[in-house]
Amino acid sequence: MTLCPDSTLSLVSPSISDCQQVAPLKLGIMASGNGSNFDVVAQAIQDGQLNAQIQVLIYNNPSAKAAVRAANRGVEAVLLNHRNYKSREEFDEKIVQTLRHYDVEWVILAGWMRLVTSVFIDAFPERIINIHPSLLPSFKGIHAVEQALASGVKITGCTAHITCLEMDSGPILMQAAVPVLPDDTAETLHARIQIQEHRILPLAIALAASS
Ligand code: GRF
């Protein structure tokens, strides 16, 4: 367990110091919006903190800022708009095909706001990592930060976990906790949580790949 030395009180568990991994991980990242988690993974790779390469970014909203971030970093980005597919399964088939085309080994859901089907889960068994803005199993689904505020909890956080078919479920890789402050809004609390998401996501990827 690690007590965070920075100004925001937080607790990260587990801590990892030494991950056994030789070849760079081939990552596919999927994002629907802002893409700050995409960026921190890319930065961790650039800084030599994560031994990986991003093969492709898949995004589903034409206006996703994640695509701009990918362009700025020279990462190939593919738009797969879910509105163009008849079913979730058909959409996921296209996603799997695209990830295979780019030779992806590990998939990172970094703000991917679509439910996934067994078509996708079965194609990458135990190799899909999701980041969620709550301490799972509390506050699954959308508006997790608002749910935490409404519930009155004094501590919340974020979770990196292996993705299963059931939404926001699966073996937990790493969590970080932050306080909920009396004057928090959803925005201020989410910003505090995101600082921790950005710390744990690259670590959780390394941890998953080393086990
Ligand atoms: C994060 O809070 C993540 O936990 C959730 O969606 C948000 C994505 O943020 N699944 P960003 O697009 O990476 O900035």
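For every other residue with a beta carbon closer than 11 angstrom to the beta carbon of Leu189, add +1 if it is Lys or Arg and -1 if Asp or Glu, then tell me the sum.
Neighbourhood net charge equals -3.
Sum up the charges of everything whose Cβ sits under 14 Å from the Cβ of Met113, counting Lys and Arg as +1 and Asp and Glu as -1, but leave Met113 out.
With Lys, Arg at +1 and Asp, Glu at -1, the neighbours total +4.
Measuring with a 1.4 Å probe in the full set of protein chains, what accessible area per residue, in whole Å², belongs to the range 21-210?
Computed with neighbouring chains in place, this is 45 Å² per residue.
Given a 1.4 angstrom probe, I'd like the percentage of the accessible area of the chain that is carbon and sulfur, rounded to a whole number.
Here carbon and sulfur together make up 54 percent of the probe-accessible area.
Cβ under 12 Å from Pro137's Cβ, Pro137 left aside: what net charge do those residues give with Lys, Arg +1 and Asp, Glu -1?
My count for the surroundings of Pro137 gives -1.
Among Ile142, Ser36, Ile95, whose Cα projects farthest towards the positive end of the dipole of the chain, with charges put on the beta-carbon of Lys, Arg (+1) and Asp, Glu (-1)?
Working it through, the farthest residue towards the positive pole turns out to be Ile95.
Under unit Cβ charges (Lys, Arg +1; Asp, Glu -1), what dipole magnitude, rounded to 20 debye, does the chain have relative to its Cα centre?
The dipole of the chain has a size of about 280 debye.
What FRET efficiency, computed as 1/(1 + (r/R0)^6) with R0 = 22 Å and r the Cβ-Cβ distance, is obtained for Glu146 and Arg114, rounded to the nearest 0.05?
0.65
Under a cut-off of 17 Å between alpha-carbon atoms, report the lysines in cross-link reach of Lys94, not counting same-chain residues fewer than 8 places apart.
Partners within reach: Lys86.
Do you know the relative contact order of the range 21-210, to the nearest whole percent, from alpha carbon pairs under 8 angstrom that are 6+ apart?
20
Mind checking which helices in the chain clear 30 Å along their axis (Cα) and have mean Kyte-Doolittle hydropathy of 0.0 or more, DSSP H runs only?
The answer, listed by residue number, is 186-210.
The values are calculated or read from the model by the stated rules, or taken from the named source; none is laboratory data. Source: prediction; values computed, not measured. Neighbour counts run over all protein chains shown; Cβ positions are idealised from the backbone, glycine included. Accessible surface is based on the protein model in full, side chains and every heavy atom, while ligands, DNA and RNA are left aside. Shrake-Rupley method; radii C 1.70, N 1.55, O 1.52, S 1.80 Å.
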